[in-house]
Amino acid sequence: MSKSLVEFKRFLVKSAPTLSEYEKKLANLIVGGFDEIAAVGSAGGRRGKVLAKLIVEKGEAAPPALKIAVDEVGANESEIVRLTKVEVEHFRGFSDKHTFEFKNPYTFVYGPNGTGKSSLCEALEYGLLASIHEADSKRILVSDYIRNATSRRSAKPVLYGDTAKEKGIEVKADPRSFEFCFIEKNRIDGFARVAANTPVAQQARLAALFGLEEFNTFATQFNDSLDTYLAELVGKNGRDLAERAKVLAGHKATLEGLPEKAKVAETRGATLLSKYPECKDLEEIKAVLTGPEGNGGKQKENNTEIGRLQNLKTATDPGTDVILASVDELLRLIKEKAESEAFLNQYKDQLSLRDLYAAIQGNREKFENECPACASELYRDGRLVVPVDPYSNAEEKLKYFDAALRAEERIKEIRGALDLGWRDLISTIAKLPASATAVGFAKAPEVGSFSAEASNAKDAAGIETFLRAVPAMRELLQELKDATATHNGKVEQSKAAIKKLEDDNLAITKDLEEIVAISTLVAANAKSEKEATQAIEKFNQENEDLIREAEAEKQGVARSLSYSISYDSLRQKLLAYNAGLPLALAADLNEKTLKFYNEINKNDHPSDRLNSLKLPTAAGERIEIEFENGDKCDALQVLSEGHIRCLGLAILLAKITRDRLPFLIFDDVVNSIDDEHRGAIIDLILNPEEIGKRQLIVTTHGEDFVKRLENAVPMKKYKETVTRIDFLVPFAAKKITVKLDSPRHYLTVATRSYEEGRIRDSLSYIRKAFEEELNRLWKKIASKNLQAQISVGMRGPGDPDLMSLATGLHKFLGGKEVAVFQEAVPHLGEILGYRDKHKVEWNCLNKGTHEGDRAEEFDAVIVRRMLETVIKLDEAIEAPQA
């Protein structure tokens with residue numbers, strides 16, 4: 001099963017609760033035809049055409065429920081779960097035929113550089129991937145790259161494996177499934193430095209890391225819509241009918257629009273009728289407005305009233321107030337004239353002396369203190385000495401004469417004002433009869449008599465008599481004034497009434513126009529409906545057969561429409577799922593990578609451990625790390641080369657465990673990882689909870705590394721767990737030489753040496769096994785978060801004596817507060833008890849054995865007992881702990 005199909009099924013399982021019936025039917029069609037669909041893209045609508053064909057052929061019978069689980073089980077049964085053997089001949093360094101069997105879960109391959117380890121790994125790589133990374137990087141054809149230099153021939157290796165149902169079947173190369181089964185230096189560096197690549201290379205690395213490249217291509221290559229492609233296969237008669245029916249588009253549009261137009265006409269009519277509640281229809285409204293014959297009605301009544309009101313004219317002010325004011329003024333002038341004439345009559349006889357008095361006054365400067373007439377002295381010592389001062393008397397008389405002259409002048413002015421005022425008054429009074437008549441004044445005859453009396457006053461006496469009689473007419477004049485104001489008020493009211501009538505007529509005109517418009521609209525609607533209905537009936541008669549055939553297609557068209565709608569929805573959900581995958585997968589990878597990285601670095605300083613880690617999910621992003629002290633950094637910027645490679649290994653292991661790959665091939669990992677981290681890597685990859693639960697094939701040129709690997713496996717499980725392959729250094733012909741089942745497991749070798757009678761060698765390996773067990777025990781104690789601070793004795797510079805370490809551990813485990821590894825305590829005690837009982841053997845166990853150190857033989861029985869005790873200690877260390 002391809003990665004794309006697996007991921008697509010995951011998408012369907014996750015989305016199942018939100019999928020509609022037709023989305024599930026479509027999903028089943030896609031799963032059923034997955035290979036054909038995934039093989040084509042959106043270019044030229046190829047995928048859309050394939051899907052449309054599937055829908056037409058199988059869409060009706062597609063099940064409405066998702067069927068995924070059964071298929072998944074069937075697919076898993078055909079997957080390779082472990083490798084069993086590989087046959088190579090004429091391949092790279094192999095000129096002869098070799099068969100390598102992988103009988104046990106772990107296969108440890110050792111050989112110095114140049115002995116053929118890489119050829120074995122490349123044979124596995126070629127068998128699983130059908131390609132070799134080294135050949136691709138050097139741009140060498142694989143057929144040339146695999147050719148053996150000695151035989152000049154090339155042959156493809158044959159790889160065998162087991163599935164859940166079959167054993168020993170030939171493995172077919174599948175890069176998509178097996179790409180991450182290999183871990184070697186280039187892959188470690190590549191993924192450690194994923195953020196340092198070009199954007200294109202980085203994107204390729206990320207796609208491979210998340211396993212999304214294939215699924216991303218599948219998910220994004222669906223055409224935007226299926227409408228076009230379904231239309232090519234479904235509803236041909238319907239499309240032909242639709243093409244012919246285009247001529248009816250206008251008629252159908254007319255019929256579709258008629259209800260709205262009728263509603264408009266109805267609404268307009270109802271609005272008009274609401275203004276005339278006494279009328280039942282528009283014709284009654286028209287009769288009310290214009291009369292039955294069209295020349296009467298309310299409109300004519302309004303026009304008649306407007307004519308009448310327009311004949312009313314505004315009357316001018318009759319001037320009654322002016323008349324009364326003028327009479328009062330004239331009477332005042334008459335009175336003033338009489339008073340001035342009386343004053344003037346007092347000086348009428350003396351006016352002739354005025355010139356004499358003026359002459360006396362004129363000679364005053366000439367005669368000074370003398371009388372101008374008699375030359376008598378006037379004043380003496382300041383006192384008047386004559387009866388009258390001629391000069392003062394003349395001055396006083398002249399003052400009276402001036403007042404009389406002014407009075408005379410004033411009389412002339414009053415006469416002129418009286419003449420003018422009377423003429424104006426007569427003129428105003430003469431208009432009163434006409435004003436009274438114009439306003440319909442009831443006392444117009446009295447006003448006429450009043451005007452006649454004014455006209456009959458001819459002389460001053462008659463005028464004065466008339467004027468003095470006017471105040472008695474004040475009430476009549478006021479009534480005339482009020483009548484005029486009342487008349488003018490009515491005229492003003494008539495203007496407002498005329499405006500109202502004119503507005504009413506304007507509204508009537510608009511209503512009449514609305515009646516015409518509504519009637520026209522109703523008539524036009526009726527005409528349009530008739531013409532459109534006739535055209536459609538004619539079309540239906542002419543295309544009767546085609547209409548019947550198109551009707552028969554409707555069920556298929558409806559089904560296609562349902563699929564088309566479901567396709568749009570399912571495609572959007574698939575795109576959203578695809579867009580969210582990197583973040584979702586990165587979260588899991590981040591957690592596992594962080595865990596593995598810290599396990600690889602568990603023996604480093606605590607400051608080197610990480611608190612969090614975030615892998616890039618898109619090109620251009622960096623690997624972000626956070627140390628336990630809270631510092632956040634770019635991994636490539638701050639990590640050492642050794643830690644960067646540890647990070648690359650952690651990423652690959654996280655990918656492997658997340659994808660649950662069944663087997664893992666390490667190609668000489670010691671080339672990439674420094675010595676300080678190898679012990680932690682051994683603990684990590686052999687941990688049965690994570691990586692160690694799958695098949696492992698580990699190659700290495702490091703002899704110490706392979707020893708540590710082997711001895712990390714308890715002796716009790718060694719035989720059924722480990723397969724050993726050694727590549728030997730050739731001394732003769734340049735060909736690969738292999739030695740099988742040559743263990744470096746100390747207890748296994750010690751047992752074999754004892755059985756072959758090599759007691760000294762056996763004791764030597766017992767010591768090495770005991771040393772490895774003590775180190776392993778110490779690490780396990782530390783893993784329980786116990787502070788295992790052990791005191792050891794030192795004979796001098798260097799490592800402590802082995803027994804000193806054993807004594808320290810024995811003392812620690814014997815403490816009251818320690819409850820773990822109690823099964824190991826008696827066996828440690830037994831080993832330590834050999835100190836006094838068997839000093840020779842115990843001394844060798846403590847210090848080691850060396851050729852020539854002693855001539856006598858070791859006691860085989862004691863050595864056997866030591867071997868048995870160390871084996872029991874190994875089992876006790878591996879026993880489950882609470």
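Sequence-distant contacts, meaning Cα pairs under 8 Å at least 6 residues apart, place the relative contact order of the chain at 18 percent.
With R₀ set to 25 Å, the beta-carbon distance separating Ser742 from Ala860 gives a calculated FRET efficiency near 0.55. Once the chain from Ser143 to Ala173 is taken as fully extended at 0.36 nm per residue, the excess over their C-alpha distance is 9.2 nm.
Sort the following peptides by mean Cβ neighbour count (other Cβ atoms within 10 Å, averaged over residues), highest first: 176-183, 523-530, 285-292.
Details: 176-183: 20.0, 523-530: 13.1, 285-292: 17.2.
My ranking of the peptides, most packed first, is 176-183, 285-292, 523-530.
Here are some pairs, Lys165/Lys717; Lys25/Lys614; Lys9/Lys172; Lys707/Lys779; which of them have Cα atoms lying more than 29 Å apart in this structure? Exceeds cut-off: Lys25/Lys614.
Kyte-Doolittle mean at least 0.0 and Cα extent at least 24 Å along the axis: which DSSP H helices of the chain qualify?
On the way: long enough: 249-275 (40 Å, -0.41); 320-346 (40 Å, 0.07); 390-438 (72 Å, -0.34); 474-542 (102 Å, -0.61); 544-600 (82 Å, -0.31); 641-659 (27 Å, 0.54); 759-783 (35 Å, -0.64); 860-878 (27 Å, 0.61).
Helices meeting the criterion: 320-346, 641-659, 860-878.
Put the Cα centre of the range 752-770 next to the Cα centre of the range 669-704 and the gap is 26 Å.
Rounded to 0.05, the FRET efficiency of the Lys300 and Lys527 pair, given R0 = 35 Å and the Cβ-Cβ distance, is 0.55.
Taking θ as phi - 60° and the Karplus parameters 6.51, -1.76 and 1.60, the scalar couplings of the range 138-150 work out to 8, 6, 10, 4, 4, 4, 7, 5, 7, 5, 6, 5, 7 Hz in sequence order, x denoting glycine and proline.
When only alpha carbons of the range 263-317 are considered, Rg and Dmax amount to 17.0, 61 Å. Between Lys366 and Asn186, the contour length at 0.36 nm per residue exceeds the alpha carbon distance by 49.2 nm.
The ellipsoid equivalent to the alpha-carbon distribution of the range 1-45 has semi-axes of 20, 14, 9 angstrom, derived from the gyration tensor eigenvalues as √(5λ) and listed largest first. With N the number of residues in the range 443-551, Rg(Cα) / (2.2 N^0.38 Å) evaluates to 3.07. Any idea what the relative contact order of the range 252-338 is, in percent, if you count C-alpha pairs under 8 Å spaced at least 6 apart? Relative contact order for the range 252-338 comes out at 10 percent. Measuring nothing but alpha carbons in the range 310-446 and taking Rh as the Kirkwood radius, the Rg to Rh ratio lands at 1.41.
Within the chain, what percent of beta bridges assigned by DSSP are antiparallel, to the nearest 5? Walk me through the numbers on the way to the answer.
Numbers: 26 of 43 bridges.
Counting DSSP beta bridges with both partners in the chain, the antiparallel share is about 60 percent.
Its Cα gyration tensor gives the chain an equivalent ellipsoid; the semi-axes, largest first and in whole Å, are 137, 55, 24. Taking every alpha-carbon pair within the range 257-373, the share separated by more than 18 Å comes to 80 percent. Taking amide H atoms as placed 1.01 Å from N in the peptide plane, the amide H of Leu610 has no partner under 5 Å among residues 5 or more positions away or on other chains.
Rounded to 0.05, the FRET efficiency of the Ala469 and Ala430 pair, given R0 = 25 Å and the Cβ-Cβ distance, is 0.90. Sorted largest first, the spans of the alpha carbon positions of the range 565-679 along the three principal axes are 61, 36, 20 Å.
Send over a whole-number figure in Å² for the accessible area per residue of the chain, probe 1.4 Å.
Details: 47440 Å² over 882 residues.
Per residue, the chain has an accessible area of 54 Å².
Remark: the chain carries a charge dipole of roughly 3500 debye about the Cα centre, counting +1 on each Lys and Arg Cβ and -1 on each Asp and Glu Cβ.
Multiplying the residue separation of Lys816 and Val13 by 0.36 nm and removing their Cα-Cα distance gives an extension gain of 283.6 nm. Distance between the modelled labels on Lys784 and Glu591, one decimal in nanometres: 2.9 nm (7 Å Cα→Cβ projection).
Only protein heavy atoms count here; on that basis, with a 1.4 Å probe, Trp778 has an accessible area of about 90 Å². Would you work out what percent of the accessible area of the chain, with all protein chains in place, is carbon or sulfur (probe 1.4 Å)? The nonpolar share, carbon plus sulfur, comes to 51 percent. All C-alpha to C-alpha distances of the range 1-133, sorted into 10 Å bins beginning at zero, yield P(r) values of 10, 27, 21, 16, 17, 9, 1 percent in whole numbers.
At 222 nm, what value in deg cm²/dmol follows for the chain if DSSP H runs of at least 4 each add -39500 (n - 2.57) and the sum is divided by all its residues, to the nearest 500?
Working: 36 runs with 547 residues, N = 882.
Calculated mean residue ellipticity at 222 nm is -20500 deg cm²/dmol.
Bridging of Lys300 to aspartates and glutamates at a Cα separation below 20 Å is possible for Glu278, Glu283, Glu284, Glu502, Asp503, Asp504, Asp511, Glu513, Glu514, once same-chain residues fewer than 8 apart are set aside. Apply the a/c threshold of 1.5 to the C-alpha gyration tensor of the range 498-599 and tell me whether it is rounded, prolate or oblate. Cα axes put the range 498-599 in the oblate bin.
How many Å³ per residue does the convex hull of the Cα positions in the range 88-185 occupy? Mind showing how you got there, number by number?
Values: hull volume 11.9 nm³, N = 98.
Spread over its residues, the Cα hull of the range 88-185 gives 121 Å³ apiece.
Of all beta bridges that DSSP places with both ends in the range 657-749, some 45 percent have antiparallel geometry. Under 5 Å from the amide H of Asn104 lie the amide H atoms of Thr723, each residue being 5 or more positions distant or on a separate chain, with H modelled from the backbone and absent for Pro and chain starts.
The values are calculated or read from the model by the stated rules, or taken from the named source; none is laboratory data. In this text the structure is predicted, and so the values were computed from the model without any measurement. Positions of Cβ are backbone-derived with ideal geometry, glycine not excepted, and every protein chain shown enters the neighbour counts. With ligands, DNA and RNA removed, areas are computed over all heavy atoms of the protein, side chains included. Shrake-Rupley method; radii C 1.70, N 1.55, O 1.52, S 1.80 Å.
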